[in-house]
Amino acid sequence: MLVFTLGLVSLVGCQTAPVNTDVIKTSEYNVPDSLLTKHSGALVIDDLENRFYYSGYDFEHWLLGHAYYKLRFVYHPDLTENFISADVRTMQQSWVHADSVSIYVKKEKIVDRWNKGKSTNTSIVDGGSLGSTVYTHEHFNVKLTFENASKIANSKYDDITLRFYGKDGYVDEKIHPESSFEGLKSVIELAKATTLK
């Protein structure tokens, strides 16, 4: 449930109206104003905690009460390690029980059987007289270098394969053909431009 809660919090920060960037301007970080305007949809600003971070999706479409995506990039400027966190997600109509995930860009394996930061959630879609469908969402929180995150964000949707491994083999999933990757690119551009004052 935590992953979906964070996802919803991220979506709350994705606004089309002007974003109050005072938290960023009074922080210990510099972020160019032009990028804050250009990528305002990737800004997540928490006025109560006086913090901010960046979040973006490969594909934003509302499904089952949540934004449907396969990949979500998150970058927290206050981390001491310099990486982009990728929430890699599979959604199936039955239990997958994936124990790890690999990410391929074309045939290059940039993530090999990552098994950390796994969480599982389910959702039920009421189909009326046709019955309900249970969907299983499995997430892996993968740490990516900026280089590997850029390889993903600058690829075509059909160049990326997510391979979810389980005890009975693996399932390959592709990115949605209407994915623009703009959310992922926004996170990378903002992360690279964020510096200490």
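The values are calculated or read from the model by the stated rules, or taken from the named source; none is laboratory data. On a predicted model such as this, the values are computed, not experimentally measured, just so you know. So basically every Cβ, Gly included, is an ideal-geometry build from the backbone, and we count neighbours across all protein chains shown. Each accessible area value is taken on the protein alone, full model and side chains, heavy atoms only, with ligands, DNA and RNA left out. Shrake-Rupley method; radii C 1.70, N 1.55, O 1.52, S 1.80 Å.
Could you check the stretch 123-150 and list, in sequence order, the residues that are touching a strand residue (DSSP E or B) at 6+ places or on another chain (Cβ under 7 Å), loosely packed, with under 12 Cβ neighbours inside 10 Å and not in a loop (DSSP other than H, G, I, E, B)? If you could, list the steps in order and put the result at the bottom.
Filtering the stretch 123-150 for residues touching a strand residue (DSSP E or B) at 6+ places or on another chain (Cβ under 7 Å) gives 123-127, 132-144, 146, 148-149.
Filter again for loosely packed, with under 12 Cβ neighbours inside 10 Å, leaving 124, 126-127, 132.
Listed by number, the residues that qualify are 124, 126, 132.
Just to check your reading of the model, which residue among 88, 12, 3 is modelled with pLDDT under 90 and either in contact with a Phe, Trp or Tyr (Cβ under 6 Å, 6 or more places away or on another chain) or over 20 Å from residue 138 (Cβ atoms) (or both)? First the steps, then the outcome.
On the way: 88 fails: modelled with pLDDT under 90; 3 fails: either in contact with a Phe, Trp or Tyr (Cβ under 6 Å, 6 or more places away or on another chain) or over 20 Å from residue 138 (Cβ atoms) (or both).
Checking each option against the conditions leaves just 12.
Search the stretch 52-66 for residues that are at negative phi and buried (at least 23 other Cβ atoms within 10 Å of the Cβ) and pair each with any residue that is modelled with pLDDT under 80 and part of a strand (DSSP E or B) when their beta-carbon atoms are under 8 Å apart and the residues are at least 6 apart or on different chains.
As it stands, the answer is 57/67, since those pairs meet every condition given.
So which of 99, 112 ends up being without any contact (Cβ under 8 Å) to a residue 24 or more places away in the chain and open to solvent by 50 Å² or more (accessible area, probe 1.4 Å)? Steps first, please.
Details: 99 fails: without any contact (Cβ under 8 Å) to a residue 24 or more places away in the chain.
The conditions single out 112.
Residue 185: open to solvent by 30 Å² or more (accessible area, probe 1.4 Å) and not in a strand (DSSP E or B), yes or no?
Numbers: open to solvent by 30 Å² or more (accessible area, probe 1.4 Å): yes; not in a strand (DSSP E or B): yes.
So residue 185 fits the description; yes.
Mind counting the residues in the stretch 167-179 that are in contact with a helix residue (DSSP H, G or I) (Cβ under 9 Å, 6 or more places away or on another chain) and not basic (Lys, Arg)? Show your work before the answer.
Initially, the stretch 167-179 is screened for residues in contact with a helix residue (DSSP H, G or I) (Cβ under 9 Å, 6 or more places away or on another chain), giving 174-179.
Those left that are additionally not basic (Lys, Arg): 175-179.
Counting residues in the stretch 167-179 that are in contact with a helix residue (DSSP H, G or I) (Cβ under 9 Å, 6 or more places away or on another chain) and not basic (Lys, Arg) gives 5.
Can you find a residue that is of a type in the set (A, V, I, L, M, F, W, C), modelled with pLDDT of 90 or more, closer than 27 Å to residue 70 by Cβ and part of a helix (DSSP H, G or I) anywhere in the stretch 20-35?
Yes, some residue in the stretch 20-35 is of a type in the set (A, V, I, L, M, F, W, C), modelled with pLDDT of 90 or more, closer than 27 Å to residue 70 by Cβ and part of a helix (DSSP H, G or I).
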